[in-house]
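Worksheet: the structure to be examined is printed underneath.
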Amino acid sequence: MASRALRSSLAISKTSLAPSLCHARPIALHGHTTYVRHSQTRSISAYGYTQAKALTFQDYGEPPSVLSLHKHSISPPHGDQLTLRFLASPINPADINQIQGVYPSKPTFTTALGTPNPIAVGGNEGVAEVIALGDKAKSAGFKRGDWVIMKAPGFGTWRTHASATSGQLLKLEEHAREGITPIQAGTVSVNPCTAYRMLRDFSLLKEGDWFIQNGANSGVGRAAIQLAREWGLKSVNVIRARKDRAAEDKLKQELKEIGATVVITDSELQSQGIKDMAKEWTNGGKEPISLALNCVNGKAATAMAKLLSSGAHYVTYGAMSKQPLTIPASLLIFKDIHFHGYWVSRWSEQHPEEKKKTVEEVLDLTRRGKFKDMPVDEIKWDWETPGEELVAKVKDTLEGYREGKGVFVFGQT
């Protein structure tokens, strides 16, 4: 996936034209006709300017209505600047919410992309390759060919190329990216990091301990199941009940195959016999369930809290049902359940080095075949890919017309 910076020094005189330059483009320099070979990605002009395209929006709203493909040039980097070529960028629910204007983390609106009015680039997660950089960026430890991820949200990753400063990036060291695909690197910093930190940072779980989670089929849920398997933890996993019983059983089995101890539906969670079922799972109730991970809310989330042992921790990181979380006073007073909120974006900003270590550990598990992200739907993005086609793919995600996570995979850009 590596791209080469094409500069004016690669101009070749017409008299020395070789067959390999059959796709060269003629330009006039100093009164003479010269030829400049197209790079594989067609990203660098003869004068060092990078041609870029980005999915941008000027106003908040529904993605199909406000997103458009914008073309612009990026000047050669100097000082602390780096020019990046994106390799893979996923479409996460938070990205959609951000475009709608309902997400706490706001995008960066700017006129730096050559527009009269400020625009923002969609997307918050992804992996990019350094294709050019200034001297200060080199002194900060970066070099051409490095893979980088964004240190914090709001950067805008749905684009072919970008200009950044070293302070905005985290470099994936050579040992971390060895044997890793761009899709794996581009999807590691949100869902897997969320699951990892929630399992580690709220309750001192040791081998053999239990936790319970809803949204078990989500990216975070699948990550938590696999990490728990590696750490020797046991898990109760709640999924949404399906009308198609065969599909429901298939999903339960799929989650068990990646490490889930128990899988139940939200209907089963709210049934009268759930406490007896929980006793069966936990050796007659002798093994406490000391952590809950909630991304749904509503009545089922309250039912999940009632299965926790005294002094347990309940972490909410989402609200997919768009319903409130109702907490019975008895859980606070008599069971001393501790309720927390978790937002990986804030954690990433506050703990960049810890984020890097977390990413590297997940990638190491991935390399060894111990961890895999949820299924993905690759969306190819080449230089000639129409903007309407890219926006339609975002719309598909918005409307749920996709079996796996949508990921922009950049080809010849």
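Read-outs throughout are calculated quantities, based only on the coordinates presented, and are distinct from any laboratory measurement. None of the values given here were measured: they were computed from a predicted structure. Neighbour counts are summed over all protein chains in view; Cβ atoms, including those assigned to glycine, are modelled from backbone coordinates with ideal geometry.
Estimated from the Cβ-Cβ distance and a Förster radius of 45 angstrom, the FRET efficiency linking residue 136 and residue 59 is about 0.80. Mean separation of Cα pairs under 8 Å and 6 or more residues apart, divided by the residue count, gives the range 259-400 a relative contact order of 16 percent.
Applying the criteria of a DSSP loop state and at most 12 other Cβ atoms within 10 Å to the GluC sites (Glu not before Pro) of the range 352-413 yields 384, 399, 403.
Size of the range 214-268: Rg and Dmax of its alpha carbons, in Å, are 10.5, 34. FRET efficiency for the pair residue 181 and residue 330, taken as 1/(1 + (r/R0)^6) with r the Cβ-Cβ distance and R0 = 35 Å, rounds to 0.10. Spherically averaged projected area of the convex hull of Cα atoms, the range 191-346: 8.8 nm². Both the radius of gyration and Dmax for the range 260-413 are 20.4, 63 Å, in that order, over alpha-carbon atoms.
GluC sites (Glu not before Pro) within the range 151-228: which are DSSP loop residues with at most 15 other Cβ atoms inside 10 Å?
Filter output for the range 151-228: 173, 178, 207.
Summing Cβ point charges (Lys, Arg +1; Asp, Glu -1) relative to the Cα centre of the range 191-346 gives a dipole of roughly 280 debye. Look at the dipole of the chain built from charges on Cβ: of 68, 394, 271, the Cα furthest out on the positive end belongs to 68. Proximity of backbone amide H atoms, modeled 1.01 Å from N, is registered between residue 316 and 294, 340, 341, 342 at under 5 Å, excluding neighbours fewer than 5 places apart on the same chain. Considering the chain at the alpha-carbon level, its Rg and Dmax are found to be 24.3, 88 Å.
With a cut-off of 8 Å between alpha carbons and a minimum separation of six or more residues, what is the relative contact order of the chain in percent?
Details: 846 pairs, mean separation 64.8, N = 413.
Dividing the mean separation by the residue count of the chain yields 16 percent.
The average projected area of the range 344-408, computed from the convex hull of its Cα atoms over all directions, is 6.4 nm². Indicate the gyration tensor shape class of the range 178-266 (rounded, prolate or oblate), computed on the Cα atoms with a ≥ b ≥ c the square roots of the eigenvalues: a/c under 1.5 is rounded; otherwise a/b larger than b/c is prolate and the rest oblate. Since a/c reaches 1.5 but b/c is at least a/b, the shape of the range 178-266 is classed as oblate.
The modelled label-to-label distance between residue 287 and residue 274, using points 7 Å beyond Cα along the C-beta direction, is 2.0 nm. Evaluated with a Cβ-only charge set (Lys, Arg +1; Asp, Glu -1), the chain carries a dipole of roughly 560 debye about its Cα centre, given to the nearest 20. The region of the chain that goes longest without hitting one of the trypsin sites (Lys or Arg not before Pro) in a DSSP loop, each with at most 12 other Cβ atoms within 10 Å, is 1-142.
Among 128, 303, 292, whose mean-square fluctuation peaks in a Gaussian network model of the chain (Cα, cutoff 10 Å)? Among 128, 303, 292, the largest GNM mean-square fluctuation belongs to 303. Relative contact order of the range 191-346, taken over Cα pairs closer than 8 Å and 6 or more residues apart, is 22 percent. For the range 384-413 versus the range 100-132, the spacing of their alpha-carbon centroids is 17 Å.
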